[in-house]
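The values are calculated or read from the model by the stated rules, or taken from the named source; none is laboratory data. Predicted model only: the values in this text are computed from it and were never measured. As a convention, Cβ positions derive from the backbone with ideal geometry for all residues, glycine included, and neighbour counts pool all protein chains shown. Ligands, DNA and RNA are excluded from the accessible area calculation, which covers all protein heavy atoms including side chains. Shrake-Rupley method; radii C 1.70, N 1.55, O 1.52, S 1.80 Å.
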Amino acid sequence: MLAFIARRFLYLVPVLLAVSLLTFLMASLLPGDLAYVILGDQAEPDKVAALQHDLGLDQPIWWRYLGWLGHVLEGDLGRSFRTGQTVLKAVVERFPVSFELMLLAQIIALVIGVPLAIICAARSGGPFDRFMTGTAFAMLSVPTFLSAILLIYLFAVQLRWLPATGYVPLSEDPVANLRFFILPALTLGLAEWPGIMRVLRSDMIATLQEDFITLAKAKGLKPSRILFLHALKPSSLTLVTITGINIGRLMGGTVVVEQIFALPGIGRLLVGAINTRDLIILQGVVLCVACGYVLINFIVDMLYAVLDPRIRHGHA
């Protein structure tokens, strides 16, 4: 297992370097000059030249990348020229909000998607299976912002059960915190469960046709035991994959949802950096999100080895 992890880690290093390079190029090659943005109305030629020299903007781009990468490896992602706050501190302050939102959304998606997939696989081709398949396709076509507006209108405006916008830290009031997170998490969860249900349903239908399932039925095992203990685990590899992909999708989905529900998370920080042309914050946030997505896929690879020993031994 340690050898398997070491091999995967060696693959991870060049991927992270490529991510850092693309992130740096994305911010560096954008139109405009950072020195002019910082100076604003005071952008006189001599001041611009001096600031470009201080920021290293007059150096070759490859040299700037190496210097920036060195600071990143030391934990220095830069400092916002508007607020004076370091990028790392800004991300750390807002990460718990986005993490809680993604966690709750993923739980909602799994709670809805997994049971429906098991029921549809057990009753493949029946009325319930056809109905849920059509519902899943319909839900996949609904954009996230539309779901958010509909949920706000129903639960906040009409029924007045939940707040539409706002945020209360978990440490201050857990109940109020959960009330503010229900609608945004449900918005994202409703967008993610159809994919989970469709993929797991297809895998379980194939698994239920295997010989070992026939043998389990011949032994007289209960259908529920066959479904949950014998069919669900072999079908979980694809579920792990789609869950990892969904987490990456949720990172992007939080940008829209956090804006709609006024949650002070990383997505809202990213939008604010774009609106104010704070390229240093933008660069740091994009790097953190991209590296997080790569690390999540690395963890998914590790889970493959746990679920199927053949993978870590090189026989699959």
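Of the options (i) 1.10; (ii) 1.23; (iii) 1.00, only one is Cα Rg over 2.2 N^0.38 Å as computed from these coordinates, and that is (ii). Overall, the range 98-208 carries a charge dipole of about 380 debye about its Cα centre when +1 sits on the Cβ of Lys and Arg and -1 on the Cβ of Asp and Glu, all other atoms neutral. Per residue of the chain, the DSSP helices (runs of n ≥ 4 H) give a summed -39500 (n - 2.57) that works out to -24000 deg cm²/dmol at 222 nm. Of Ser235, Ser141, Ser20, the residue with the greatest mean-square motion in the GNM of the chain, using alpha carbon springs below 10 Å, is Ser141.
With respect to the chain, whose longest principal axis is taken over its alpha-carbon atoms, helix 87-122 is tilted by about 20°. For the chain, the longest principal axis of the alpha carbon atoms and the long axis of helix 236-261 meet at an angle near 50°.
Between helix 61-73 and the chain there is an angle of about 60 degrees, using the helix long axis and the longest principal axis of the Cα atoms. Between Thr165, Thr133, Thr276, the residue with the greatest mean-square fluctuation in the GNM of the chain (Cα pairs under 10 Å linked by springs) is Thr276. A simple spin-label model places the labels of Ile296 and Lys233 2.7 nm from each other, with each point 7 Å out along Cα-to-Cβ. For the range 16-25, 3J(HN,Hα) computed residue by residue from phi via the Karplus equation (6.51, -1.76, 1.60; θ = phi - 60°) reads 5, 5, 5, 5, 5, 5, 5, 5, 5, 5 Hz, glycine and proline entered as x. Potential lengthening of the chain between Leu146 and His71 amounts to 22.9 nm, from the contour at 0.36 nm per residue minus the alpha-carbon distance. Largest first, the residues Thr86, Thr207 sort by 1.4 Å accessible area into Thr86, Thr207. Taking every protein chain into account, the accessible area of the chain amounts to 55 square angstrom per residue (probe 1.4 Å). Bridging of Lys222 to lysines at a Cα separation below 25 Å is possible for Lys233, once same-chain residues fewer than 8 apart are set aside. Taking every alpha-carbon pair under 8 Å whose residues sit at least 6 apart, the chain reaches a relative contact order of 26 percent. Ranking Met26, Met251 from most to least accessible surface, computed with a 1.4 Å probe over the protein chains only, gives Met26, Met251. Quote the FRET efficiency, to the nearest 0.05, computed for Ser171 versus Lys222 with a Förster distance R0 of 30 Å and r equal to the Cβ-Cβ distance. For R0 = 30 Å, the calculated efficiency reads 0.10.
When the Gaussian network model of the chain links Cα atoms closer than 10 Å, the mean-square fluctuations of Gly292, Gly113, Gly220 top out at Gly220.
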